[in-house]
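The values are calculated or read from the model by the stated rules, or taken from the named source; none is laboratory data. These figures come from a predicted structure and were not determined experimentally. Using ideal geometry, Cβ is built from the backbone for each residue, glycine included, and neighbour counts are taken over all protein chains shown.
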Amino acid sequence: MSKSYLVVGGCGFLGRYIVESLLARGEKNVHVFDIRKSFEDDRVTFHIGDIRKTEDLESACKGITTVFHTASPTHGMGYDIYYSVNVIGTERLIEACIKCGVKQLVYTSSSSVVFNGKDIVNGDETLPYVDKHIDPYNKTKELGERAVLKAKGSNLLVCALRPAGIFGPREVQGWPQFLKAAKEGKNKFMFGDGNNLCDWTYIDNVVHAHILAADNMTTNSPISGSVYFITNDEPIPF
Ligand code: NAD
């Protein structure tokens, strides 16, 4: 059966790279769902809508076999917006997928779902969710992930991928801000002894993980219902 792809949040940093990767391997049926349009491409069908709106989602999910869910509000917002998009929006997307007969949902989660501010060394997917998150983004990413995993058992195959920081060309929220602060002499304070480790993964590797998940998540594979941390190799000093 030929596949058709919908990248939710496809106008964002990660989502657009997933779109480009699908196009680069010759996929003919590539759709984007986003609240804004950030690029033009005649090979892509754009659905401009809000993930919190069922009617927008159902219209975009018709005829789709595989959904990548990469949408999330940008950094530094309040609990209400994170909750409405990352939790309610994700729940509505799951409902729309099930109603429209979508076969696979790959959710971009975050390693922050298991982070409570304390160092994690050599952590793996057996780590439990934390009791107390350090911010509303992390908490709502956990709730969104839980909603996705709970959908296992419906006719929808589901998995959650958990990158930490993502870097690469066109990234605007992380490294460009760090460099700007450095240039402005605003990085005068250091937490700890300078040996804190932080995991940053190159965009192509995160995209590759999403494509691998979609290509291999079949009814009999152990992927559905699973979570995976996504990383380059070794964490870097931060
Ligand atoms: P991004 O902000 O570049 O892209 C997110 C996209 O979601 C944007 O295009 C935005 O318009 C869209 N969106 C937001 N609210 C929406 C709504 N209500 N309806 C429809 N679309 C909406 O973010 P990104 O850096 O590409 O991150 C992609 C995903 O990866 C997110 O789920 C994020 O939580 C996760 N993640 C990112 C990083 C990172 O370092 N960038 C790390 C770990 C996890």
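Considering only the stretch 154-173, state which residues are out of contact with any strand residue (DSSP E or B) (no Cβ under 6 Å at 6 or more places or on another chain) and not aliphatic (A, V, I, L, M).
Within the stretch 154-173, Ser154, Asn155, Pro169, Arg170, Glu171, Gln173 meet the criteria.
Looking at (1) farther than 30 Å from Thr54 by Cβ; (2) modelled with pLDDT of 95 or more; (3) surrounded by 15 or more Cβ atoms within 10 Å (Cβ to Cβ), which is the only condition Val207 fails?
(1)
Quick check: anything in the stretch 170-183 of a type outside the set (Gly, Ala, Ser) and crowded, with 18+ Cβ neighbours inside 10 Å? If you could, list the steps in order and put the result at the bottom.
Residues of the stretch 170-183 that are of a type outside the set (Gly, Ala, Ser), as a first pass: 170-173, 175-180, 183.
After this cut, where a residue has to be crowded, with 18+ Cβ neighbours inside 10 Å as well, the list is none.
Within the stretch 170-183, none of the residues are of a type outside the set (Gly, Ala, Ser) and crowded, with 18+ Cβ neighbours inside 10 Å.
Where residues in the stretch 51-74 are surrounded by fewer than 16 Cβ atoms within 10 Å (Cβ to Cβ) and within 10 Å of the ligand (Cβ to nearest atom), which of them is modelled with the highest pLDDT?
Taking the candidates together, the pick is Lys53.
Which members of the stretch 1-48 meet the condition of being within 14 Å of Thr108 (Cβ to Cβ) and among the acidic types (Asp, Glu)?
Once the filter is applied, which keeps residues that are within 14 Å of Thr108 (Cβ to Cβ) and among the acidic types (Asp, Glu), the stretch 1-48 yields only Asp34.
For residues that are modelled with pLDDT of 95 or more, out of contact with any helix residue (DSSP H, G or I) (no Cβ under 6 Å at 6 or more places or on another chain) and under 28 Å from Val102 (Cβ atoms), tally how many sit in the stretch 153-169.
Selection size over the stretch 153-169: 1.
Tell me, which strands (runs of 3 or more DSSP E) wholly within the stretch 124-238 include 1 or more residues that are in contact with a Gly (Cβ under 9 Å, 6 or more places away or on another chain) and in contact (Cβ under 8 Å) with a residue 60 or more places away in the chain? Talk me through it step by step, then tell me what you get.
Values: elements: 157-163, 165-167, 200-202, 226-230.
Filter on the stretch 124-238 gives 157-163, 165-167, 226-230.
Considering only the stretch 66-78, state which residues are under 18 Å from the mean Cα position of the chain (by Cα) and farther than 19 Å from Leu149 by Cβ. Quick ask: steps written out before the conclusion?
Taking the stretch 66-78 and keeping what is under 18 Å from the mean Cα position of the chain (by Cα), we get 66-77.
Within the stretch 66-78, Pro73, Thr74, His75, Gly76, Met77 meet the criteria.
If Val8 meets every condition in (1) of a type in the set (A, V, I, L, M); (2) more than 7 Å from the ligand (Cβ to nearest atom); (3) touching a strand residue (DSSP E or B) at 6+ places or on another chain (Cβ under 8 Å) apart from one, which number is that one?
The single condition Val8 does not satisfy is (2).
In this structure, is Ser110 farther than 19 Å from Gly225 by Cβ, near the ligand (Cβ under 8 Å from one of its atoms), of a type in the set (Gly, Ala, Ser) and touching a residue at least 24 places away in the same chain (Cβ under 8 Å)? Please lay out each step first, then the result.
On the way: farther than 19 Å from Gly225 by Cβ: no; near the ligand (Cβ under 8 Å from one of its atoms): yes; of a type in the set (Gly, Ala, Ser): yes; touching a residue at least 24 places away in the same chain (Cβ under 8 Å): yes.
No.
In the set Arg25, Arg43, Arg52, which member is closer than 23 Å to Ser84 by Cβ and of a type in the set (Lys, Arg)? It would help to see each step written out before you state the result.
Numbers: Arg25 fails: closer than 23 Å to Ser84 by Cβ; Arg43 fails: closer than 23 Å to Ser84 by Cβ.
When all the criteria are applied, what remains is Arg52.
Run down Phe13, Phe33 and say which single residue is closer than 13 Å to Val207 by Cβ, near the ligand (Cβ under 9 Å from one of its atoms) and of a type in the set (Phe, Trp, Tyr). Can you show your working first?
On the way: Phe33 fails: closer than 13 Å to Val207 by Cβ.
None of the others qualify; the one that does is Phe13.
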